[in-house]
1. So the check is Cβ under 9 Å with 6+ separation or different chains; which pairs have a first residue in the range 20-43 that's farther than 19 Å from S100 by Cβ and free of Cβ contacts under 8 Å to residues at least 40 places away in the same chain and a second one that's of a type in the set (D, E, K, R) and in a helix (DSSP H, G or I)?
2. Take S100 and decide whether it is part of a helix (DSSP H, G or I) and in contact with an Asp or Glu (Cβ under 6 Å, 6 or more places away or on another chain).
3. Mind listing whichever residues of the range 108-132 are under 30 Å from N88 (Cβ atoms) and loosely packed, with under 13 Cβ neighbours inside 10 Å?
Amino acid sequence: MECEIKIDELLKCITMGILSTQSMEPELGEWLDFRPKDLFNDVKTYIGLEEGAFTKEEIENKILGGPSESGLSMMMEMYENEWSVICNNANGEEVEMNLSEAMTLHNVGPIKTGWRLEELDPNWNSKNIKLIDEDDENDIEYYEM
């Protein structure tokens, strides 16, 4: 049995999943201070889903990313390397530093990058998925986890 998923809906679910407290440590959320729409645009850019028939595993691999692919892993790598944050250094002084340095110094992990489809929606449990390039009428916040 094949399941149909709107790409827009899937990306909104991933966005709100990332913003959920279970997916991101509080310090990282504070440092990144995402607006849902901005994060959605990054998710959309880095995952780069296209219309067509795929296996569940292929879609989950696209979400995660990997060697020579984008995905959430590459998005997080970009944040770590390109973003500066204000936080306390080893002496307790508030300074600006690279996100990667801040994460290492404060022992803060990255956002969750590996998502199973059924984590996002229990109905997305089919082995074969048809992605549809159709706008979803719900706001991003509708998918809050």
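The values are calculated or read from the model by the stated rules, or taken from the named source; none is laboratory data. None of the values given here were measured: they were computed from a predicted structure. Virtual Cβ from ideal backbone geometry, glycine too; neighbours counted across all protein chains shown.
1. Correct list of pairs: V43/K12.
2. yes
3. G109
Per-residue answers, yes or no, for (1) of a type in the set (D, E, K, R); (2) in a loop (DSSP other than H, G, I, E, B); (3) modelled with pLDDT of 95 or more; (4) under 20 Å from H106 (Cα atoms):
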{"site": "T21", "(1), (2), (3), (4)": "no, yes, no, yes"}
{"site": "L28", "(1), (2), (3), (4)": "no, no, no, yes"}
{"site": "W31", "(1), (2), (3), (4)": "no, no, no, yes"}
{"site": "F34", "(1), (2), (3), (4)": "no, yes, no, yes"}
{"site": "D42", "(1), (2), (3), (4)": "yes, no, yes, no"}
{"site": "S70", "(1), (2), (3), (4)": "no, yes, no, no"}
